[in-house]
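The values are calculated or read from the model by the stated rules, or taken from the named source; none is laboratory data. This structure is a prediction, so every number in the text was calculated from the model and none was measured. No Cβ is skipped: glycine too gets one built from the backbone with ideal geometry, and neighbour counts run over all protein chains shown. Remember, those area values only see protein heavy atoms, side chains included, never the ligands or the DNA or RNA. Shrake-Rupley method; radii C 1.70, N 1.55, O 1.52, S 1.80 Å.
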Amino acid sequence: MSMTSFVLRRRPLLASLLTLPALSRARAAGSEIRVGFTQDALTLDPANPGNRDTETIIRNMYDGLVARDSAMQIVPQIAVSWTQTDPLTYEFPLRSGVRFHDGTPLTADDVKFTIDRVLAGKIGGQTNPRRDLLGPLSHVDVTGPLAVRFVLAKPWPLLPAMLPFQEIVSKAFVEKAGDQGMVSQENGTGPFKLVAWRHGDSIVMERFDDYYGGDSGGPARVDRLIYRIMPDNSARVAALLAGDVDLINNLPVTAIRQVQANEGTRVAAVNGTRTFFLSINNAKPPFNDVRVRQALNHAVDRKLIIAKLLNGLAVPLNGVLSPDAFGFDPTLPDYAYDPGQTKAMLADAGVRDLQLTIDTDGSGKEISEAIASMFSRAGIDAKARVWETAVIVPIWRDPAKRQDHDLFYTSWGNASLDPSDIMMPAIRTGGRGNTAGYADPEVDKLLDDAETEVDREKRKALYLQAQQIINRDAPWVFLWLPQDIYGVSQRLKGWMPSPSGMIDLSRATVA
Amino acid sequence: MSASLALSPGTLALRRFRRDWVSFGCLAFLVIVALVAIGAPWIAPHDPADADLLRRLQPPVWTDGGDWSYPLGCDGLGRDVLSRLIFGARISLGIGIFVVSLATVIGASAGVLAGFARGIPDAILSRIADVLLGFPYLVFAIGLMGMMGPGLSNIVLTLVLKEWVVAFRVARGETLAARRQDYVEAARALGCPRGRIMRDEIMPNILSPVLVVATVRMAGVIIMEASLSFLGLGVQPPAVSWGGMVADGRDVLADGWWVATFPGLAIMLVVIAANLASQGLREAFDPKSRR
Amino acid sequence: MWLAGRVSHLLSVLFGTSIAVFAMMWATPGDPVQVMLADQRVTPEQVTALRHEMGLDLSLPSRFASFLWRALHGDFGRSFFHHRPVIGVIAERLPATIELTLAASVIALLIGIPLGLYAGTRPGRPTDRIASLGSLVGVSMPGFWLGLVLMLIFSVTLHLLPVSGRMGSGDEPPAVTHLLLLDSVLAGRPDMFATALRHLILPSVTLALPMAAVLMQVTRTAVIDVMRADYIVFAEAKGLARRRILLLHVLKNALAPAVSVAAIEIGAMLGGNMIVETIFSWPGVGRLVVQAIFDRNYPLVQAAVLLYAVFYAILNFAADILYALLNPRVAA
């Protein structure tokens, strides 16, 4: 289209983009980006996406008050900024000129409505597990047509880190469509709007021309964005290699060499946010002896597994946290690979002829078998046992059911990269994800104190202390933090992977 | 009834079968595979579970980088493909034979009972068979495996539960046809007990079609087990099955084609042999059926 | 009267099936709530509340009774994971499975029956041997194998056909039958037809080959049987043209068992195309159902299994009718 008509049609947008950079952007007519994605969205309702893949898709169409960029920094989107006026209060002035896809302008009422909806705890008559993402948030006040105030019931330093998970909906739209309608219709403020949702096949979106710019400075660069659903790994890789898609997520490690060797494609990787570990049944003898647990830690050659089975794309860990997380302790003592040490420590603890089974689900089969064979080298009779996720997870989460089980190859995500988000469920006594049954009162106190500690440095110190204790107690066999690996076409520019797993294509173009 | 000067049908069949060298050869092949499977601990060069990441995806001996100690190469965890192939025969072939035998015995007995007794036992058994038949195979298998957990005995149970229906139907159909025959009528008129009639008159005559169907089904069972293993519902490590090997090898197809190719080939060869042997068996029992 | 008998038979089978699947789901360990929640932050009270909303805290007989009652009214409940009625979720994916199954059936019939006719009229000759060998390989090759090989050759290496999906990123024709090939014809859009066809080829060929092999065998056998029958010799003696004999008698009589076997194979195909749907990312019901089992998405599994049972019964019914129609000498 000619420059003149382009400008004329964008007059309203221009008015609100006065402070933004120039309009010269590459925008080919009829350009589209195709993403080969692992799962279909379960729903289009941002209040209860159900899993991260769904949220990734929704995030293309819905913006939040804030978001995370590819460096995991919190950047403003609908909110202009935020200030904490006292330990319990945050003020959020909102941007003007933000519109929903149906053309209606966004006001503070919509923000309040969005948060109230989540705080209510039920969506469509069903309990909403996302309510807890707002922690001790008490209520939201509208302080002006474009300003809101968040009021907490008790101090919660986590609030800014947790806000990127909340996407803003239109009050009028939800009231009209109802919770049922929100499942399959969308009306967000994001850079793309829904054209068609072919369940199980693809989600077709097109550029929202009146996008206020978010954190990318303007509407999207391409006309259409299509997510094609391809759960099968080989099909997804083949599609990328054949040029049927421009970007795929979850590139399997075994396909990395192929994608790199192929001229038109490359690999993009970023530190993930999911910690992998072997949960040890701390209550079952002989694993109740810390020496045995430490011995197990020395029996796994983490670097070799990472090199051979993960193509080097993982960070070995000696603790719980990702190196990118707030309060990460880089000085944790390393559990070096030393099967001789393992044998010695086991003998020291009086353990002879140790036999154990590593429980895992289908996806962890290869690695569990590799670890089992490493245990065998250290004189432990080990084998892996594959279960269905739906069966093994409830077993390990119930102390009574997991009595006879030994080790569990599993993981826990930490999308906010804040230690509270992973340590409270997975380490603290009684935590929902504390499959090891680890219970240390000192660690519990440190974690509880950190929950309400507003001073950043003091909070960090608490977590540093906790990590040292956890490393020493070895409730888990610490493993690694894998990178999220994407396959990208060389034609795609202007996109970088983010540890949050979100795929932000608002600045991307295809050659 | 006996007291005949002619040779028994079984001996005649055996003679014809031996002359059909294709089918005979296939049967011989299957027997050899079975023997290799039985002798696995002595024949296989390595421990199938011996993993060494440094040997990961080592190619077969005729390719650059391979060596004779691992003639068919190594899989993703550095385990010897040849040894895993040999041990895998135990599971794949073993399941095929065992499931079919058990399913045939159960199904044929039920079928003869239903066909002979008619009435309520027939109605009940047939209804159960219909329900099982209408259940999609994979959904049934996955559901049942989910219920009982993975493992060898559970796979066998699942497959038997689906397979007995085939033998049941054949046996029932043949029984229904047979009971109208003169010699059965005669036996009943003479007052022979029903059990004796079923055992002495009907069973020997339905034996051949049931046997033929059984050998055909063996191929199907082997593929079914491979499919289940492919989906991750097969035997547990360290046990090996060919289907599981194909599944493991699928992810590394680009870097290690041998991991999935050899077990896939093995499945195909065994299944082809089973099909040809069963064809030969059918023609041996009934030369008129030779086509 | 006979129809009434079939219907009552169908109903009793459906009842038995629903008991079976219900029992299976109940006896299966595994917790859909835990699967659903994964590692989200939830309190124990929320877990209990969710369980109550999903009806999982009721006793087994009352769950079954309420399931039956609602099923009779056409309400199969809401999918645990999709937050939508199960019927809707299945209905969305059903046309894809139907289109795939239909395409595969057509291919299998078009390959299997003519090949079988050809081979059957020249038994023992080289063409027959080759066809028989091909058919043998066709039934012996695992489906997951064949699909992968075809994809490697035609998509990745030759770039002739797309790797996966049903329509790619192209637009869909307006939905009339929800079968993309038909709809694109109805809408007069040859470009959409071409796209849909290109996506359909590999998965339907993979699915069709084993069935084609079976059909070929059955047809061939039937042809040989029929040709041996006396009346064919008699007809030849009368001097009828060889072609007409074939067409009139052999075809009709050989078709009977072939078509009835085809109907049953189609029924089996419906229940077993999950692997092909997975390999080619075909958005059908097969994949949906198996994932539902892994997720313990009970309402979806129950509804889908009943659906399969109905299809299977209908196809069996069709098989019997076709057999009787095509072969009136053999009373049903």
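I'd like the full set of residues that are within 14 Å of chain B (Cβ to nearest Cβ) and not aliphatic (A, V, I, L, M), limited to region A:292-321.
A:D301, A:R302, A:K303, A:K308, A:N311, A:G312 - these are the residues of region A:292-321 that are within 14 Å of chain B (Cβ to nearest Cβ) and not aliphatic (A, V, I, L, M).
Would you be able to tell me the number of residues in region A:262-273 that are away from chain C (no Cβ under 13 Å) and either farther than 14 Å from A:R491 by Cα or free of Cβ contacts under 8 Å to residues at least 40 places away in the same chain (or both)? Write out each step before concluding.
Initial filter on region A:262-273 (away from chain C (no Cβ under 13 Å)): A:263, A:266-272.
Next, only the ones that are either farther than 14 Å from A:R491 by Cα or free of Cβ contacts under 8 Å to residues at least 40 places away in the same chain (or both) stay: A:269-272.
Total satisfying the criteria: 4.
Mind telling me which of the residues A:T83, A:T19, A:T56 ends up being modelled with pLDDT of 90 or more and open to solvent by 10 Å² or more (accessible area, probe 1.4 Å)? Spell out how you get there, then give the answer.
Working: A:T19 fails: modelled with pLDDT of 90 or more; A:T56 fails: open to solvent by 10 Å² or more (accessible area, probe 1.4 Å).
That would be A:T83, the only listed residue that is modelled with pLDDT of 90 or more and open to solvent by 10 Å² or more (accessible area, probe 1.4 Å).
Based on this model, can you work out whether B:S109 counts as within 30 Å of A:I395 (Cβ to Cβ), away from chain C (no Cβ under 12 Å) and among the small types (G, A, S)?
Details: within 30 Å of A:I395 (Cβ to Cβ): no; away from chain C (no Cβ under 12 Å): yes; among the small types (G, A, S): yes.
Against the criterion (within 30 Å of A:I395 (Cβ to Cβ), away from chain C (no Cβ under 12 Å) and among the small types (G, A, S)), B:S109 does not qualify.
Report, by residue number, each residue of region A:471-511 that is under 23 Å from the mean Cα position of the chain (by Cα), open to solvent by less than 20 Å² (accessible area, probe 1.4 Å) and on the phi > 0 side of the Ramachandran plot.
Result: A:G501, single match.
Which of (1) within 30 Å of A:G362 (Cβ to Cβ); (2) in contact with an Asp or Glu (Cβ under 7 Å, 6 or more places away or on another chain) does A:D398 not meet, given it meets every other one?
(2)
So A:G190 ticks every box in (1) facing another protein chain (nearest Cβ under 9 Å); (2) surrounded by 23 or more Cβ atoms within 10 Å (Cβ to Cβ); (3) touching an Asp or Glu at 6+ places or on another chain (Cβ under 9 Å); (4) in contact (Cβ under 8 Å) with a residue 40 or more places away in the chain but one. Which box is left unticked?
Of the numbered conditions (1) facing another protein chain (nearest Cβ under 9 Å); (2) surrounded by 23 or more Cβ atoms within 10 Å (Cβ to Cβ); (3) touching an Asp or Glu at 6+ places or on another chain (Cβ under 9 Å); (4) in contact (Cβ under 8 Å) with a residue 40 or more places away in the chain, the odd one out for A:G190 is (1).
Which of (1) under 23 Å from the mean Cα position of the chain (by Cα); (2) modelled with pLDDT under 85; (3) open to solvent by 50 Å² or more (accessible area, probe 1.4 Å) is the odd one out, the single condition C:I201 does not satisfy?
The one condition C:I201 does not meet is (2).
If we scan region A:432-449, do we find a residue that is at pLDDT below 95, within 30 Å of A:V237 (Cα to Cα) and not assigned by TED's automatic domain parsing to the domain that holds A:L158?
Checked region A:432-449: no residue is at pLDDT below 95, within 30 Å of A:V237 (Cα to Cα) and not assigned by TED's automatic domain parsing to the domain that holds A:L158.
Only one of A:D210, A:D232 is more than 14 Å from A:I57 (Cβ to Cβ) and more than 14 Å from chain C (Cβ to nearest Cβ); which? Show your work before the answer.
Values: A:D232 fails: more than 14 Å from chain C (Cβ to nearest Cβ).
Exactly one of A:D210, A:D232 is more than 14 Å from A:I57 (Cβ to Cβ) and more than 14 Å from chain C (Cβ to nearest Cβ), namely A:D210.
Counting just the residues of region A:33-48 that are in a loop (DSSP other than H, G, I, E, B) and of a type in the set (V, I, T), which one comes out surrounded by the most Cβ atoms within 10 Å (Cβ to Cβ)? So that I can check it myself, show each step before the final result.
Within region A:33-48, the first condition is being in a loop (DSSP other than H, G, I, E, B), and the residues that meet it are A:38-48.
The next check asks that each one be of a type in the set (V, I, T); those that pass are A:38, A:43.
Working: A:T38: 15, A:T43: 22.
Only one residue tops the list, namely A:T43.
Among the residues of region C:269-301, count how many are at pLDDT 75 or above, small (G, A, S) and part of a helix (DSSP H, G or I).
2
With the condition kept exactly as written, say whether any residue in region C:67-75 is at pLDDT below 80 and closer than 15 Å to C:R296 by Cβ.
no
Does C:A49 meet the test of being facing chain A (nearest Cβ under 8 Å), out of contact with any helix residue (DSSP H, G or I) (no Cβ under 9 Å at 6 or more places or on another chain) and either buried (at least 18 other Cβ atoms within 10 Å of the Cβ) or under 21 Å from A:A390 (Cβ atoms) (or both)? Before you say what the answer is, go through the steps one by one.
On the way: facing chain A (nearest Cβ under 8 Å): yes; out of contact with any helix residue (DSSP H, G or I) (no Cβ under 9 Å at 6 or more places or on another chain): yes; either buried (at least 18 other Cβ atoms within 10 Å of the Cβ) or under 21 Å from A:A390 (Cβ atoms) (or both): yes.
The answer is yes for C:A49.
Step by step: first the residues of region B:134-157, then only those that are open to solvent by less than 20 Å² (accessible area, probe 1.4 Å) and aromatic (F, W, Y), then the one that is nearest to the other protein chains (Cβ to nearest Cβ). Which residue is that?
B:F135
Which numbered condition trips up C:R70, out of (1) at the interface with chain A (Cβ under 9 Å from one of its Cβ atoms); (2) of a type in the set (D, E, K, R); (3) part of a helix (DSSP H, G or I); (4) over 29 Å from C:L179 (Cα atoms)?
Every listed condition holds for C:R70 apart from (1).
Exactly one condition in (1) farther than 30 Å from B:V22 by Cβ; (2) in contact with a Cys (Cβ under 7 Å, 6 or more places away or on another chain) is not met by B:A277; state its number.
(1)
Looking at (1) more than 11 Å from every other protein chain (Cβ to nearest Cβ); (2) assigned to a loop (DSSP other than H, G, I, E, B); (3) out of contact with any helix residue (DSSP H, G or I) (no Cβ under 8 Å at 6 or more places or on another chain), can you tell me which one C:G124 breaks?
Only one criterion in (1) more than 11 Å from every other protein chain (Cβ to nearest Cβ); (2) assigned to a loop (DSSP other than H, G, I, E, B); (3) out of contact with any helix residue (DSSP H, G or I) (no Cβ under 8 Å at 6 or more places or on another chain) is unmet by C:G124, namely (1).
Looking at region C:251-286, which of its residues are within 11 Å of chain B (Cβ to nearest Cβ), surrounded by fewer than 24 Cβ atoms within 10 Å (Cβ to Cβ) and of a type in the set (D, E, K, R)?
none
One line per residue, one yes/no per condition, for (1) among the hydroxyl-bearing types (S, T, Y); (2) surrounded by 23 or more Cβ atoms within 10 Å (Cβ to Cβ); (3) within 11 Å of chain C (Cβ to nearest Cβ); (4) in contact with a helix residue (DSSP H, G or I) (Cβ under 8 Å, 6 or more places away or on another chain):
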| residue | (1), (2), (3), (4) |
| --- | --- |
| B:I223 | no, yes, yes, yes |
| B:G234 | no, yes, no, yes |
| B:G244 | no, yes, no, yes |
| B:D248 | no, yes, no, yes |
| B:P263 | no, yes, yes, yes |
| B:V270 | no, yes, yes, yes |
| B:E283 | no, no, no, yes |
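Mind counting the residues in region A:245-255 that are modelled with pLDDT under 90 and either open to solvent by less than 10 Å² (accessible area, probe 1.4 Å) or within 15 Å of A:Q490 (Cβ to Cβ) (or both)?
We begin by selecting, within region A:245-255, every residue modelled with pLDDT under 90; these are A:252-255.
So of that shortlist, the ones also either open to solvent by less than 10 Å² (accessible area, probe 1.4 Å) or within 15 Å of A:Q490 (Cβ to Cβ) (or both) come out as A:255.
So the answer is 1.
Whether any residue in region A:459-470 is open to solvent by 30 Å² or more (accessible area, probe 1.4 Å), closer than 22 Å to A:D301 by Cα and either in a loop (DSSP other than H, G, I, E, B) or in the same structural domain as A:R428 (by TED's automatic domain parsing) (or both) is what I want to check.
Yes, some residue in region A:459-470 is open to solvent by 30 Å² or more (accessible area, probe 1.4 Å), closer than 22 Å to A:D301 by Cα and either in a loop (DSSP other than H, G, I, E, B) or in the same structural domain as A:R428 (by TED's automatic domain parsing) (or both).
Please find, within region A:388-397, the residue that is nearest to A:P339 (Cα to Cα) out of those that are surrounded by 22 or more Cβ atoms within 10 Å (Cβ to Cβ) and in contact with a Pro (Cβ under 9 Å, 6 or more places away or on another chain).
Here the residue is A:E388.
Restricting region B:59-85 to residues that are open to solvent by less than 20 Å² (accessible area, probe 1.4 Å) and of a type in the set (A, V, I, L, M), which is modelled with the highest pLDDT?
Filtering first and then ranking leaves B:V81.
Could you grab me the full set of residues in region A:335-350 that are part of a helix (DSSP H, G or I) and among the acidic types (D, E)? It would help to see each step written out before you state the result.
Narrowing region A:335-350 to residues part of a helix (DSSP H, G or I): A:339-348.
Within region A:335-350, A:D348 is the sole residue that qualifies.
Filter region A:398-441 down to the residues that are among the charged types (D, E, K, R), out of contact with any helix residue (DSSP H, G or I) (no Cβ under 9 Å at 6 or more places or on another chain) and surrounded by fewer than 19 Cβ atoms within 10 Å (Cβ to Cβ) and list them by number.
If we filter region A:398-441 for residues that are among the charged types (D, E, K, R), which is where we start, we get A:398, A:401-402, A:404, A:406, A:418, A:421, A:428, A:432, A:440.
Those left that are additionally out of contact with any helix residue (DSSP H, G or I) (no Cβ under 9 Å at 6 or more places or on another chain): A:398, A:404, A:406.
Answer for region A:398-441, where residues must be among the charged types (D, E, K, R), out of contact with any helix residue (DSSP H, G or I) (no Cβ under 9 Å at 6 or more places or on another chain) and surrounded by fewer than 19 Cβ atoms within 10 Å (Cβ to Cβ): A:D398, A:D404.
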